[in-house]
Amino acid sequence: MTESLPSHCLSITNDFISDQLAQWFASLEKSDKKFLAEYNAKVKNPIDLSTIKKKIKDNLYSSYQEWIDDMNLVFDNAVTFHEATSLFGGVAIYLKKQFNKKLLNF
């Protein structure tokens, strides 16, 4: 990634981490063991916003698209696990739309 992309990616990721609605998606590590076992059984590629933030800081993304894919995966995983008609699924769909709006302004 170019030098400005990581800072932009980090800024957007931090915006979501600090968003009250996105707190549910901030860190899988803070989840209880029963939830994690069920989640990992249903979700093939688990990821959370804190992991994305760490990957940005550690310069592990080779492209802007990889970061976009991971951000979308956070929300897609929530819909997969909770279903679109649930409260968590609905919030995930809303946040994914907000994320993609932010990308349009970039």
Can you work out ³J(HN,Hα) from phi for every residue in the stretch 24-40, in order, using Karplus 6.51 cos²θ - 1.76 cosθ + 1.60 and θ = phi - 60°, giving whole Hz and x for Gly and Pro?
4, 10, 6, 7, 6, 4, 7, 7, 6, 4, 5, 4, 4, 4, 5, 4, 5
How big is the C-alpha Rg of the stretch 1-70 next to the rule-of-thumb value 2.2 N^0.38 Å, as a ratio?
1.18
Charges only on Cβ, +1 for Lys and Arg, -1 for Asp and Glu: so what's the dipole of the chain about the Cα centre, in debye to the nearest 20?
100
Starting from the Cα of residue 42, draw a straight line to each of the lysines and keep only those under 26 Å, dropping any in the same chain fewer than 8 residues away.
30, 33, 34, 53, 54, 55, 96, 97
Tell me the carbon and sulfur percent of the accessible area for the chain, rounded to whole percent, probe radius 1.4 Å.
53
Computed ³J(HN,Hα) along the stretch 11-19: with the Karplus parameters 6.51/-1.76/1.60, θ = phi - 60°, integer Hz and x for glycine or proline, the list is 4, 5, 4, 5, 4, 6, 4, 8, 6
Select from 14, 87, 45 the residue farthest towards the positive end of the dipole of the chain; place +1 on Cβ of Lys and Arg, -1 on Cβ of Asp and Glu, and compute about the Cα centre.
87
Might you tell me the accessible area per residue for the chain, computed with a 1.4 Å probe and given in Å²?
61
Per residue of the stretch 91-103, what does 6.51 cos²θ - 1.76 cosθ + 1.60 with θ = phi - 60° give for ³J(HN,Hα)? Whole Hz please, x for Gly and Pro, Karplus curve as stated.
5, 4, 4, 4, 5, 5, 5, 5, 4, 5, 5, 4, 5
Normalise the Cα radius of gyration of the stretch 24-106 by 2.2 N^0.38 Å (N = residues in it) and let me know the number.
1.10
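The values are calculated or read from the model by the stated rules, or taken from the named source; none is laboratory data. In this text, all values refer to a predicted model and were calculated from it rather than measured experimentally. Here Cβ is always computed from backbone atoms with ideal geometry, including for glycine, and neighbour counts include all displayed protein chains. To get the accessible areas, we keep the full protein, side chains included, count just its heavy atoms, and leave off ligands, DNA and RNA. Shrake-Rupley method; radii C 1.70, N 1.55, O 1.52, S 1.80 Å.
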